[in-house]
Amino acid sequence: MDSALYALCAIAGWTAFGYMLRLQRRQPSHARGAICVALGAFALGITLAIPPLASAIDRASGFPNLAKVLSHGCAMTIAASAETMLLHLALPRARAAARTRLWILVTSGAFLAMAGLFAYTLTYDTPVLLTVEYATDPAVTAYLLIFMVLGFFAYCIDISRLCWRFARICGRPWLRRGLRITAVGAAFALLYSTNKIVYLIAYWSGYQPTGEREIAAVLVTISALLMMIGLTMPAWGPILTITRRWEDFRSYRRLEPLWRDLIAALPELELDAGLRRPLTAVRDIDYALTRRVAEIRDARLALRPYMDARVTVLAERFAEQAGLAAEERPAAVEAAHLACALREHRAGAAVTLPLPSDDLHRPSGGYAGEIAWLTLVSITYTRSFVVARTLAASRHLPASQSTLGDTRR
């Protein structure tokens, strides 16, 4: 099982490294460069940790544990690089550089000590493995404790702390999400280290527990995948919003025929004429779409005195004759009301049988439901012959109107 999990992580690691390296070449930055180093170290380290490959390296070199030592060195490089990235995000450049140098010095010293302990184990007549099964050997214990305490506890606690703190104040949503996922990944790395230390204590206490490798493989896989996703999410996350932004832009364009006629009749409701320029709307489609929806709703309310209750009967009859589906009929009635109200508004005549005040359609689904509803109304307003027939028929309704001035008196 551990071989399959490590192989999966290796494939993901090399893929992520290639993706981030390409971005770093296009737009270099300290933070992105640190991520590239972290991902490269991860991909190499997890590849070296694949049991069949690690055994082959040890046999070819003649040094037991060589692949494991190299893999552990990569793990410490990952932690140091992730720390560097976070420091450059959270601190001014000078302070981040100073803290980075300190971490590099400490990490380098710790790895040299680990390398010395590894070299010491090579002098044994009987080879030992740098795993918890050989924990009763003092050199193995010292090696693993240095690796766990510095490579995981010190780094991962600081990485989690920095991620959560910076995520609270970060204004970029995908960076904020990535930091939180990275923090969770670091927490799983702490569990991995805790698992190792618990097994060390168990072996020193005279017990012979099993299953450590399987547990470690699961924890390190979860931690590695989460941290890879989190560290790279600010780069690829915004791509996921392109589809939604395209849908928003399509809705914005589909609302235009209805909005254009309403604003032509009620120009005072247009609060940002700059959105008439296509590029301005594209640059901030969220704002542009929100304004368009609000202005259509405001215009609908402003036209209430011109909405005749009898138009509902006409529009519903024509919608039924047209065989419209049940969910399409309310939109056809609404579009017909708006078309007739615009005509009466241009004539300056308010109706004497206005639509009841509680007859405003309130779609379900929140803001997304509102957009979908108004988009359907706009399409119906432009294309449906129900609207055209209602406009024509309402001209011949019995006189029940008065001028707007008379009504107000």
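The values are calculated or read from the model by the stated rules, or taken from the named source; none is laboratory data. Treat the numbers as computed from the prediction; the structure is a model and nothing was measured. Virtual Cβ from ideal backbone geometry, glycine too; neighbours counted across all protein chains shown. We work out accessible area using only protein heavy atoms, side chains counted, and drop any ligands, DNA or RNA first. Shrake-Rupley method; radii C 1.70, N 1.55, O 1.52, S 1.80 Å.
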Under the condition of being outside any helix (DSSP H, G or I) and modelled with pLDDT of 90 or more, which residue from the range 98-127 is surrounded by the most Cβ atoms within 10 Å (Cβ to Cβ)? Leu122
Only residues in the range 197-213 that are open to solvent by 80 Å² or more (accessible area, probe 1.4 Å) count as the first member; pair them with residues that are in a loop (DSSP other than H, G, I, E, B) and among the polar types (S, T, N, Q), Cβ under 8 angstrom, at least 6 apart or cross-chain, and list the lot. Trp204/Thr136; Arg213/Thr131
Considering only the range 275-286, state which residues are open to solvent by 30 Å² or more (accessible area, probe 1.4 Å) and in contact with a helix residue (DSSP H, G or I) (Cβ under 8 Å, 6 or more places away or on another chain). Thr280, Val282, Asp286
Filtering the range 77-95 down to residues that are surrounded by fewer than 21 Cβ atoms within 10 Å (Cβ to Cβ) and assigned to a helix (DSSP H, G or I) yields Leu89, Ala90, Arg93, Ala94, Arg95
Would you mind listing the helices (runs of 4 or more DSSP H) fully within the range 236-311 where at least 3 residues are more than 22 Å from the chain's Cα centre (by Cα) and of a type in the set (A, V, I, L, M)? 256-265, 285-302
Restricting to the range 291-330, count the residues that are among the aliphatic types (A, V, I, L, M), in contact (Cβ under 8 Å) with a residue 60 or more places away in the chain and farther than 22 Å from Tyr367 by Cβ. 6
Sort out which residues of the range 71-90 are of a type in the set (A, V, I, L, M, F, W, C) and over 10 Å from Ala41 (Cα atoms), and write them in order of number. Ala80, Ala82, Met85, Leu86, Leu87, Leu89, Ala90
Would you call Val377 at pLDDT 90 or above, open to solvent by less than 40 Å² (accessible area, probe 1.4 Å) and of a type outside the set (Lys, Arg)? yes
Considering only the range 246-288, how many residues are among the hydrophobic types (A, V, I, L, M, F, W, C) and at pLDDT below 90? 11
Test Trp204 against the stated conditions and say whether it is of a type in the set (Phe, Trp, Tyr), at pLDDT 85 or above and under 30 Å from Cys340 (Cβ atoms). no
With the condition kept exactly as written, say whether any residue in the range 22-37 is open to solvent by less than 30 Å² (accessible area, probe 1.4 Å), part of a helix (DSSP H, G or I), in contact with a Gly (Cβ under 7 Å, 6 or more places away or on another chain) and touching a residue at least 60 places away in the same chain (Cβ under 8 Å). no
